[in-house]
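Trainee: To start, I am sharing the structure in question, which I have written as C-alpha cells.
The values are calculated or read from the model by the stated rules, or taken from the named source; none is laboratory data. Model, not experiment: these values are computed from the prediction. Glycine gets a Cβ as well: all are built from the backbone with ideal geometry, and neighbour counts include every protein chain shown.
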Amino acid sequence: MRNTTSNLTFSAGLILGFLSIHFLLDYNISTQVMYLRNVNRGVKGLHHHVYTGGNQNSTSHTTRILCWIMTGPKNLESRTNHIRATWAKRCNKVLYMSSTKTDFPTVELNVSEGRENLYWKTIRAFQYIYQNHLDEADWFLKADDDTFIVIENLRYTLSKYDPEKPLYVGRRFSPFIAQGYMSGGAGYVLSKEAVRRFNKGFQTGECTHYSTLEDVAMGKCMETMKVEAADSRDVKGRQVFHPYPPDRYVVKRPPRPRPLYPLYDYYTPVEGPGCCSDFAVSFHYIYAVQMYALEYLTHHLRPYGYKYRFNPDERTEIKTTTKSK
Amino acid sequence: MFMKGMIMGGIFCLVLSLLASFNPSTEHTTEDHHHHHLQAPSKDELKHFSHSQMEDLSNQVRVYCIIMVQPKILVYWAAAIHTWSKHCDKAVFYTSEASKALEAVDLNEKDDWARLRKALTHAYENAGDLRWFFVAQPTTFAIIENLKYLLLTKDPNEPFYLGNAAKSGELDYVVYDSGIVLSYEALKRLVNVFKDEDKCPERGGSLWNVGEEKQLAMCLKYTGVFAENGEDIHGKGLFNSKSVESLISDSMQANPTNVVEGCCSDMAVTFNGMSPDQMQVMMFGVYRLRPYGHDFHDLLLFDPPVGSNND
C-alpha cells in the first residue's frame, strides 16, 4: 500500500515537473525564434479586408445605382462582355441597351445602330427605364461600352446629393450649353428626379431630338427642364469622370500648343498627378485588355500597408512626412 | 517522493527539448533554402507578433535599390527616379558609362556581367545599415512596400536570393528582368566569391555567353545560396517579367472567364517592360486609385516618401 502511494506521488511529481519546465521553455523560445520562422501555412486571407461601404450620410439618402450601357450587336463580345465581367456586377441593376434583343441579355430599343442614332437610343433607353425600373434605383448611370466605371467611387461621389433633386453629374463641358453639359463617353448620371423630368420633357414636347451629338442634346434637355449640372470634382478640386484613358492626364507632357479638346472642359484641366482624384469614377476609350488591367489596378493590386496621402475621412492629410528610418 | 518525481520530470523535459532543438535548427537553415518557394507571411503567422514588434519589423526591413541604367535609354532612368524608386530606402543608379544628364555611379564597364559585379560590390561597400538589396533593370517597375511585406519575417543574416526563379538544366536562377533580391548575408558571400577567379570569373563566363543572371546563380551556388521563387500565400509569383497589360492579355487567353483572378497577385512586387509613360500611370494606379470604402486593416504602416507628388 505504501508502495503504491509513493509510486503515485512520484508519478505526480514527474508529470508536474515535466510540464512546468516544458511551459517555461516554450515561453522563452517563442520570443527567440522570431526570425527563424518560415512556416508555410496554407492560410487563406492575406489581410483582414472589410468592405465598410464607407462613411456615407446614410440616414435618408440611399445610393442605389442603375447602370445602362449603350451598346450594339457588333460590340457585345469584343467590348460589353468585358464590362459584364468587371464593373457591371457592382451596379444595383444593369441594363445593356441595343437595337436588338439578345440573350446577353440586351434590351431592344427600337432604334437602328449608327452614330446618328445615339441620341435616339438615349431617349428610348431613359423612356424604358422610366417605365420599367424607376423605383429600383436612386441614380441612373449612362455609360458607353468602352467606359470603365468604379462603382464604389460613384456611390461616394453621389452620396453628398439628394436623388429627389433634379441633378445631372459627370465630366462637365462648357461649350453650347450655358450651364454646361456632361461628356457622354466619360459616363454621366441622372438623379431619379432628373429622369422624371427628362421623360416629361419628351411627353410635353419641351425636349426634342435636338442634335445627333448625344451628350450635347442631353445637356440641352437638362437645361430646358431645369435640371442642375453638378460639379463632380473631389474636395481637392480633382476630376472624377474622365473622357480619356488615364495616361492622357496622368503623364506630364512638355509644354505645347494646347489641342482643341481641353477647351471643352468647364473647369480648367490639370495635367500630371493632380489631374485625377484617388476616387476616380470613370475612364473612357477603354477596351478589353485595359478594362481588365484597370480592374486589376483598382480592385486588386495595392501597396501593402501604404498610408495613402488622401484620406478625406481623416482630419489631417499626409502631405510630407518623414520616412521612418 | 513527490519532490524526487518533480526533479526527475524536470530533468527529463530539459533533456528532451535540448535534443529536439538541435535537429530543427540545423534542418531549418539548409532545408529552407532548398525549399525553392518563399512565401509572403500569412495573417496567422503575423498574429504572433505584438504591435510594437511589428513596428520594429516594418522599420527594420529596409531596401537598397540597385538600378542598372545606360545613357542610351535615358528616359528610363528619368522614369525610375520620378516613380517607384522613391519608395526605396536608398536608390542608387549604376551606369555603364558617364553621361552629363545621368546622375549615377559610373562603373565604366561595358560588359554586363562585370558591371553587375561592380554594382553589387559597390552596394555592399555602401550598404550602411541596410540589409536587403534589390537589383532592377531600367524597364522594371517595383512596389517596394510589397517587397518589404514579403521579406518581413526573413532574417537578412540568412542567405536569401529570390525573385522569379527559373531553371536552366540543373541550375536554378532568378530571372534578371523581374528583379533580384539579395539578403545581406547572400551579398556578403557573393562579394567574397567574386575574388575566386576559378569559381566565379569576372571575364571567363562571357566567353560561353551564359548571361549574367545565370552567372550570378552559379557563383551564389558555390557559396551555398540557392534561388527561391517569391510568391504570395496562394502560390502566385510576385515577380513578373512582363507588363500588366501583357499579363492580362495572357490571362485572357488562358482564363477567359476569370481574367483578373487568374492573372497576377494582389501583392505583386515587380513588372517589367513598362514604358516610362506606363510607369507614371502605374504610380497613379498603385498609390492613388482605389475604391472608396475598403478598409484593409493591414498590420504594417508605410509612410509615403517625402517630397513626392505622384504617390
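Trainee: Among the residues of segment B:31-48, count how many are surrounded by fewer than 21 Cβ atoms within 10 Å (Cβ to Cβ) and within 21 Å of the chain's Cα centre (by Cα).
Mentor: Matching residues across segment B:31-48 total 10.
Trainee: Being crowded, with 20+ Cβ neighbours inside 10 Å and touching a helix residue (DSSP H, G or I) at 6+ places or on another chain (Cβ under 6 Å) is true for just one of B:151, B:182, B:187, B:238. Which residue is that?
Mentor: On inspection, the qualifying residue turns out to be B:187.
Trainee: Further question on the same structure: Tell me, please, whether a residue that is more than 20 Å from residue A:202 (Cα to Cα) and among the small types (Gly, Ala, Ser) can be found in segment A:116-136.
Mentor: Looking for residues that are more than 20 Å from residue A:202 (Cα to Cα) and among the small types (Gly, Ala, Ser), one finds none in segment A:116-136, hence no.
Trainee: Given the conditions (1) at pLDDT 95 or above; (2) closer than 22 Å to residue B:225 by Cα, report the number of the one that residue B:143 does not fulfil.
Mentor: Answer for residue B:143: the failing condition is (2).
Trainee: Do we have any residue at all in segment A:69-86 that's more than 17 Å from residue A:156 (Cβ to Cβ), modelled with pLDDT of 95 or more, out of contact with any Ser or Thr (no Cβ under 9 Å at 6 or more places or on another chain) and part of a loop (DSSP other than H, G, I, E, B)?
Mentor: yes
Trainee: Then there's this: Please determine, by comparing only the residues of segment B:64-83 that are in a helix (DSSP H, G or I) and in contact with a strand residue (DSSP E or B) (Cβ under 8 Å, 6 or more places away or on another chain), which one is modelled with the lowest pLDDT.
Mentor: Here the answer is B:71.
Trainee: Separate question: Against the condition more than 28 Å from residue B:76 (Cα to Cα), touching a residue at least 60 places away in the same chain (Cβ under 8 Å), more than 14 Å from the chain's Cα centre (by Cα) and assigned to a helix (DSSP H, G or I), how does residue B:188 come out, does it pass?
Mentor: Judged against the criteria, residue B:188 is a match.
Trainee: If you don't mind, there's one more thing I want to ask. Which residue pairs have Cβ atoms closer than 6 Å, lie 6 or more positions apart in sequence or on different chains, and pair a first residue in segment A:204-215 that is free of Cβ contacts under 8 Å to residues at least 40 places away in the same chain with a second residue that is surrounded by 13 or more Cβ atoms within 10 Å (Cβ to Cβ) and not in a loop (DSSP other than H, G, I, E, B)?
Mentor: Here the result reads A:206/A:224; A:207/A:201; A:207/A:221; A:207/A:224, each pair linking segment A:204-215 to a residue that is surrounded by 13 or more Cβ atoms within 10 Å (Cβ to Cβ) and not in a loop (DSSP other than H, G, I, E, B).
Trainee: Mind checking whether some residue in segment B:238-245 is over 24 Å from residue B:91 (Cα atoms), more than 13 Å from the chain's Cα centre (by Cα) and not in a strand (DSSP E or B)?
Mentor: yes
Trainee: Right, residue B:289: at pLDDT below 95, of a type outside the set (Phe, Trp, Tyr) and assigned to a loop (DSSP other than H, G, I, E, B) or not?
Mentor: It is false that residue B:289 is at pLDDT below 95, of a type outside the set (Phe, Trp, Tyr) and assigned to a loop (DSSP other than H, G, I, E, B).
Trainee: May I pose another question? Restricted to segment B:49-82, and to residues that are touching a Pro at 6+ places or on another chain (Cβ under 8 Å) and surrounded by 17 or more Cβ atoms within 10 Å (Cβ to Cβ), which residue is nearest to residue B:134 (Cα to Cα)?
Mentor: B:67
Trainee: For a quick check of your reading of the model, give me the residue pairs whose first member lies in segment B:157-176 and is more than 19 Å from residue B:231 (Cα to Cα), whose second is assigned to a strand (DSSP E or B) and at pLDDT 95 or above, with beta-carbon atoms closer than 8 Å and at least 6 apart or on different chains.
Mentor: From segment B:157-176, the pairs are B:157/B:183.
Trainee: Filter segment A:152-181 down to residues that are of a type in the set (Lys, Arg), at pLDDT 95 or above and in a loop (DSSP other than H, G, I, E, B) and give me whichever is nearest to the chain's Cα centre (by Cα).
Mentor: Filtering segment A:152-181 for residues that are of a type in the set (Lys, Arg), at pLDDT 95 or above and in a loop (DSSP other than H, G, I, E, B), the one nearest to the chain's Cα centre (by Cα) comes out as A:171.
Trainee: Something else: Just to check your reading of the model, which residue among A:205, A:184, A:201 is under 26 Å from the mean Cα position of the chain (by Cα) and more than 30 Å from residue B:75 (Cα to Cα)?
Mentor: A:184
Trainee: Which of (1) in a loop (DSSP other than H, G, I, E, B); (2) buried (at least 23 other Cβ atoms within 10 Å of the Cβ); (3) of a type in the set (A, V, I, L, M) is the odd one out, the single condition residue B:162 does not satisfy?
Mentor: Condition (1) is where residue B:162 drops out.
Trainee: Of all residues in segment B:266-303, count the ones that are farther than 21 Å from residue B:134 by Cα and of a type in the set (Val, Ile, Thr).
Mentor: Of the residues in segment B:266-303, 1 are farther than 21 Å from residue B:134 by Cα and of a type in the set (Val, Ile, Thr).
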